[in-house]
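A.B. asks: I am attaching a structure below and will ask some questions about it afterwards.
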Amino acid sequence: MHSSIINNITTLLKAGAFYNGNVNGNANYKLEPMSQHKWRKLYKAAEALNVLGYVAMGAQKLLPNSNELVPFQREFPLTEASLFNHWSDKHLLEVREEEMNAPDTSEDTLTLLDTIVANAHYIITTDVNIEGIISLGRMVRQNKDKIDTTKLASWLSHIGLVQIANLEANMLTLCWDFAPEEIPFYKKEYRKAKTLHDNVIRKALDTHSFSTATRINVALTETVSYNFMNAISKITDIEE
């Protein structure tokens, strides 16, 4: 995909998903000129990534004559907020149950945890989910005063998701202009996160896959468990 398409879709997403001020005159939100063909490819890429609504919101702010576009509000589905290793998933269920029965239940912190888990699920099974990472960033900013950072840190450690949560945090700092101090699950710099994130946009219309070596590096237990379950499933299918 041409660099101008990648740059423009990123700019539109930043403006639509994260920027609430006046973008006029802001050099960080300047779109590159493109042909109609490239704009059509941008549209298809945004559609494939399931972020067309955020792009439309960005277009309202950055493009003339786009007032007919409807503002977009969507909650990232958390149906994939589960893990593959028996013990990790058991610990996740324990955290949810204990927190819901706690006298000081923080539902916002639980939702943030589930969003981290759902993003981890996609990374382990397919690739970075751009919509998921954007939703994670929006949640961090919109609920910054409601998140119990002590609980979140304890949960991520107990479940075994510190490294993959840090990978997701680095995608926010390196790709979406977040500061490390904004993100309670940011631990250290992981510069490869930008390449892994940007590859998904660059190859939105092509077949692609997340790096297995990186999966093993940031989520060894979950990756091994997922691959083992896949192998068992394939053997069972053959026998049937």
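The values are calculated or read from the model by the stated rules, or taken from the named source; none is laboratory data. Note that the structure is a prediction, hence the values are computed from the model and not measured. Positions of Cβ are generated from backbone atoms using ideal geometry, with glycine treated the same way; all protein chains shown enter the neighbour counts. Ligands, DNA and RNA are stripped out before the accessible areas are found, and what is left, the full protein with its side chains, is counted by its heavy atoms. Shrake-Rupley method; radii C 1.70, N 1.55, O 1.52, S 1.80 Å.
A.B. asks: At q = 0.09, 0.21, 0.22 Å⁻¹, what base-10 log of I(q)/I(0) does the Debye formula yield for the range 95-207 when every alpha carbon is treated as an equal point scatterer in vacuo?
C.D. replies: Reported log10 I(q)/I(0), two decimals: -0.23, -1.16, -1.26.
A.B. asks: Suppose we look only past 32 Å in the calculated P(r) of the chain. What percent of the Cα-Cα pairs does that tail hold?
C.D. replies: 25
A.B. asks: Now for a different question. What whole-number value in Å² describes the accessible area per residue of the range 84-240 for a 1.4 Å probe?
C.D. replies: Normalised by residue count, the accessible surface of the range 84-240 is 50 Å².
A.B. asks: In the range 145-186, carbon and sulfur make up what percent of the accessible area (probe 1.4 Å)?
C.D. replies: 46
A.B. asks: Are any of the pairs 61/146; 146/187; 146/194; 41/187 more than 26 Å apart by Cα-Cα distance, and if so, which?
C.D. replies: Table pairs above 26 Å Cα-Cα are 61/146; 146/194; 41/187.
A.B. asks: Right, here's the next one. With labels modelled as points extended 7 Å from the Cα through the Cβ direction, what inter-label distance (nm, one decimal) is found for residue 47 paired with residue 177?
C.D. replies: 2.9
A.B. asks: If you don't mind, another one. With +1 assigned to the C-beta of every Lys and Arg and -1 to the C-beta of every Asp and Glu, and no other charges, what is the dipole magnitude of the range 95-197 about the Cα centre in debye, to the nearest 20?
C.D. replies: 480
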